[in-house]
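To start, the structure itself, in structure tokens.
The values are calculated or read from the model by the stated rules, or taken from the named source; none is laboratory data. Just so it is clear, the model here is predicted, and its values are computed rather than measured. Neighbour counts are summed over all protein chains in view; Cβ atoms, including those assigned to glycine, are modelled from backbone coordinates with ideal geometry.
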């Protein structure tokens, strides 16, 4: 790329509050950074046959910087189904040395295998990852286990991003299994920035994670980053910490956590996805059921306490490839945030078909 590679391809929303991160700009060239590869195949261990594992769509990526490179773990769909949610998804891995050009492995790194968890993630697969590192360097991945009936938030760990150990549903042991068969997805663990590393952070002695249930955002805590306990209110009901209660805004139909949350001097910053009812009264005109991205600030010493949230989206579909694809209404569905070469890199799924990237300098 020549000239200024980070000039915005379309005007981003201006940063309104000192606690927000951004603004993010799309690179002029090289977008989307990842596209489907119909030629890629691998031997599926359950079907026992060669499958074109990323032939139709690649989207909804996690991201992390490690050992001088930028890594993206992305959801890929094969050719076994037809319609949103009806394919088998697996997680692929791509890397970049410069933050501009990405090379993907020929095979997935996380996918359903014959084991005790197969019933929760087959035939739908492994979807929508988010990634953090623990203090000792272990990678912790939250992802959706999808059996094409119920979404369950799953956890996997790795030491090298290539070999992953499945730990099953995150809530399977909480409250006697009360939430095992409840809809859960999109686990955004609270992290802190330590030099160039983004690592899981303890608040009040616990790890915390924002997650989605029934189109709204809830919270959970853990001592080990693997077994999680949903936060309940005084009446024993699931506590909703980021509700979909803003008619006429970009997030009036849904709030869903994006990348891992970030503990900052101002509080806990959660970048999240919102779905519009089409009656947008604040900010850009957002069509009905389109996904855009907002930011919310929670108290640094009280992860349940919402302090502020943006009235307008800071990122929304603007490019043609973000508005056309598998998801016809358009999406810029954010899931990956990495600190690399003194910049924030934001990764997102575009129209459930491609992987896009934006950068904040």
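Here is how the numbers come out for the structure above:
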item: Given (1) part of a loop (DSSP other than H, G, I, E, B); (2) surrounded by 24 or more Cβ atoms within 10 Å (Cβ to Cβ), index of the condition residue 107 fails; result: (2)
item: Check on residue 352, in a loop (DSSP other than H, G, I, E, B), more than 30 Å from residue 221 (Cβ to Cβ) and touching a strand residue (DSSP E or B) at 6+ places or on another chain (Cβ under 7 Å); result: yes
item: Count - residues of region 19-76 that are in a strand (DSSP E or B), surrounded by 16 or more Cβ atoms within 10 Å (Cβ to Cβ) and touching a strand residue (DSSP E or B) at 6+ places or on another chain (Cβ under 7 Å); result: 21
item: Residue among 95, 135, 127 that is over 19 Å from the mean Cα position of the chain (by Cα) and either in contact (Cβ under 8 Å) with a residue 24 or more places away in the chain or assigned to a strand (DSSP E or B) (or both); result: 135
item: Residues (part of a loop (DSSP other than H, G, I, E, B) and either under 16 Å from the mean Cα position of the chain (by Cα) or farther than 20 Å from residue 284 by Cα (or both)) located in region 328-349; result: 341, 342
item: Selection status of residue 268, farther than 19 Å from residue 347 by Cα, touching a strand residue (DSSP E or B) at 6+ places or on another chain (Cβ under 8 Å) and crowded, with 20+ Cβ neighbours inside 10 Å; result: yes
item: Within region 177-192, tally of residues that are farther than 24 Å from residue 63 by Cβ and in a loop (DSSP other than H, G, I, E, B); result: 6
item: Condition check for residue 189: touching a residue at least 12 places away in the same chain (Cβ under 8 Å) and closer than 19 Å to residue 335 by Cα; result: yes
item: Every residue from region 261-308 that is more than 19 Å from the chain's Cα centre (by Cα), modelled with pLDDT of 95 or more and part of a loop (DSSP other than H, G, I, E, B); result: 265, 266, 300, 301
item: Count - residues of region 323-361 that are at pLDDT 95 or above, crowded, with 24+ Cβ neighbours inside 10 Å and on the phi > 0 side of the Ramachandran plot; result: 1
item: Positions within region 206-220 being within 22 Å of residue 150 (Cα to Cα) and without any contact (Cβ under 8 Å) to a residue 40 or more places away in the chain, in sequence order; result: 213, 214, 216, 218
item: Close pairs from region 149-177: first in contact (Cβ under 8 Å) with a residue 40 or more places away in the chain and at positive phi, partner in a helix (DSSP H, G or I) and buried (at least 21 other Cβ atoms within 10 Å of the Cβ), Cβ under 8 Å, at least 6 apart; result: 168/120
